[in-house]
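K.L.:
Please see the structure below; I have some questions.
The values are calculated or read from the model by the stated rules, or taken from the named source; none is laboratory data. In this text, all values refer to a predicted model and were calculated from it rather than measured experimentally. Counting neighbours? That spans all protein chains shown, and the Cβs are built from the backbone with ideal geometry, glycine included. Ligands, DNA and RNA are stripped out before the accessible areas are found, and what is left, the full protein with its side chains, is counted by its heavy atoms. Shrake-Rupley method; radii C 1.70, N 1.55, O 1.52, S 1.80 Å.
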Amino acid sequence: AISQPERKWGDEEKQKLLEGIEKYGIGHFREISDNLLPEWSGNDLRMKAIRVMGRQNLQLYKDWRGNSDAVKREYERNKDIGLRFGTWKGGALVYDDDGHVLRAIEESNLTSPP
């Protein structure tokens, strides 16, 4: 078996992911992988983006682009909603079965779009 070089996720990789989100947008993880982080697959980067955005479901962010400050704001917004509804799990906002989280996201987006 050929051993793979050990990959480490650190500040440099996170910064490249943030650059990729700003340039290519959420959902374009293959392009980010191909152009900025070739040692990480598109799926690896999707999982990392869940952590930096603070939301398990990135669907509402499809094609969204933001700089690192905008990403931090979104993370804090998602964390606030998650803590309010008890749905902040493992560093990410997860949806609830009653739709409270989705309504809170939609209301928040009306007053302050991402």
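K.L.:
Go through the residues of the stretch 72-89 one by one and say whether even a single one is touching a Leu at 6+ places or on another chain (Cβ under 9 Å), within 19 Å of LYS16 (Cα to Cα) and open to solvent by less than 40 Å² (accessible area, probe 1.4 Å).
P.N.:
no
K.L.:
Which is in contact (Cβ under 8 Å) with a residue 12 or more places away in the chain and within 13 Å of the chain's Cα centre (by Cα), of GLU39, GLU22? Let's see the steps before the verdict.
P.N.:
Details: GLU39 fails: within 13 Å of the chain's Cα centre (by Cα).
Within the list GLU39, GLU22, the selection yields GLU22.
K.L.:
Here is a further query. Please identify the pairs in which a residue from the stretch 57-68 that is within 11 Å of PRO114 (Cβ to Cβ) has its Cβ atom under 9 Å from the Cβ atom of a residue that is of a type in the set (D, E, K, R) and outside any helix (DSSP H, G or I), counting only partners at least 6 apart or on another chain.
P.N.:
If the second residue must be of a type in the set (D, E, K, R) and outside any helix (DSSP H, G or I), the pairs left are TYR61/ARG55.
K.L.:
Take LEU17 and decide whether it is open to solvent by 60 Å² or more (accessible area, probe 1.4 Å) and touching a residue at least 24 places away in the same chain (Cβ under 8 Å). Before the answer, list the steps.
P.N.:
On the way: open to solvent by 60 Å² or more (accessible area, probe 1.4 Å): no; touching a residue at least 24 places away in the same chain (Cβ under 8 Å): yes.
Answer is no for this residue.
K.L.:
Do the conditions hold for ILE105, that is, is it open to solvent by less than 20 Å² (accessible area, probe 1.4 Å), of a type in the set (A, V, I, L, M, F, W, C), part of a helix (DSSP H, G or I) and more than 27 Å from ILE32 (Cα to Cα)?
P.N.:
Working: open to solvent by less than 20 Å² (accessible area, probe 1.4 Å): yes; of a type in the set (A, V, I, L, M, F, W, C): yes; part of a helix (DSSP H, G or I): yes; more than 27 Å from ILE32 (Cα to Cα): no.
No; evaluated as a whole, the condition is false for this residue.
K.L.:
Restricting attention to the stretch 90-102, report how many residues are closer than 23 Å to PHE29 by Cα, among the hydrophobic types (A, V, I, L, M, F, W, C) and surrounded by fewer than 18 Cβ atoms within 10 Å (Cβ to Cβ). Break it down into steps so the answer makes sense when it comes.
P.N.:
Step one: list which residues in the stretch 90-102 are closer than 23 Å to PHE29 by Cα, which gives 90-95.
So of that shortlist, the ones also among the hydrophobic types (A, V, I, L, M, F, W, C) come out as 92-94.
After this cut, where a residue has to be surrounded by fewer than 18 Cβ atoms within 10 Å (Cβ to Cβ) as well, the list is 94.
Residues meeting the conditions: 1.
K.L.:
Being more than 23 Å from GLN15 (Cα to Cα) and of a type in the set (D, E, K, R) is the filter here; which residues of the stretch 72-114 pass it? First the steps, then the outcome.
P.N.:
We begin by selecting, within the stretch 72-114, every residue more than 23 Å from GLN15 (Cα to Cα); these are 80-89, 94-113.
Across the stretch 72-114, the qualifying residues are ASP80, ARG84, LYS89, ASP96, ASP97, ASP98, ARG103, GLU106, GLU107.
K.L.:
Does LEU37 satisfy being under 28 Å from LEU102 (Cβ atoms) and buried (at least 18 other Cβ atoms within 10 Å of the Cβ)?
P.N.:
For LEU37, the condition - under 28 Å from LEU102 (Cβ atoms) and buried (at least 18 other Cβ atoms within 10 Å of the Cβ) - is not met.
K.L.:
Only residues that are open to solvent by 50 Å² or more (accessible area, probe 1.4 Å) and within 12 Å of LYS14 (Cα to Cα): list them for the stretch 48-71, please.
P.N.:
If the condition is that a residue be open to solvent by 50 Å² or more (accessible area, probe 1.4 Å) and within 12 Å of LYS14 (Cα to Cα), then LYS48, ARG51 are the ones that fit.
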